[in-house]
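The values are calculated or read from the model by the stated rules, or taken from the named source; none is laboratory data. This is a predicted model, so every value here is computed, not measured. Cβ placement follows ideal geometry from the backbone for every residue including glycine, while neighbour counts extend to all protein chains displayed. We work out accessible area using only protein heavy atoms, side chains counted, and drop any ligands, DNA or RNA first. Shrake-Rupley method; radii C 1.70, N 1.55, O 1.52, S 1.80 Å.
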Amino acid sequence: AGHWTGVAFALAAAVCLALATILTRVALREIDTLAANMLRLPFGTLLCTLIAVAQRRPPWRATRRGLLPLCLSGLTGLGSSMTFLIAITLVGASTT
């Protein structure tokens, strides 16, 4: 029933990711990859928190069982984010 809604969201995600990659490349001309990552991640966290609070779904309600996988995904996400930014710096946004 939600097939076309899912397709629309997938397309929107692809467009957003492409725009984010292009904007990241512009920013990486001016700042270091580590600094860019340190700014991107907290900014995304702040936006997600604001959305959750606006929806009256506080993000800090996590179960104990879910915390370890979330922390591990944060570590692997940090690694992927850093390698993604380095790739943008080395080969450009369109190739990445």
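Values as computed for the structure displayed
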quantity	calculated
Share of carbon and sulfur in the accessible heavy-atom surface of the chain [1.4 Å probe, %]	73
Nearest-20 debye value, the chain charge dipole, Cβ charges on Lys, Arg, Asp, Glu	440
The chain - accessible surface per residue (Å², probe 1.4 Å)	80
Rounded, prolate or oblate (a/c below 1.5 giving rounded, otherwise prolate when a/b exceeds b/c) for the chain by Cα gyration tensor	oblate
Among 69-81, 30-42, the order from most to least packed when residues are scored by Cβ within 10 Å on average	30-42, 69-81
Summed side-chain charge close to ILE88 - residues other than ILE88 whose Cβ falls under 14 Å, Lys, Arg +1, Asp, Glu -1	+1
Value at 222 nm in deg cm²/dmol, rounded to 500, when DSSP H runs of n ≥ 4 in the chain each add -39,500 (n - 2.57)	-28000 deg cm²/dmol
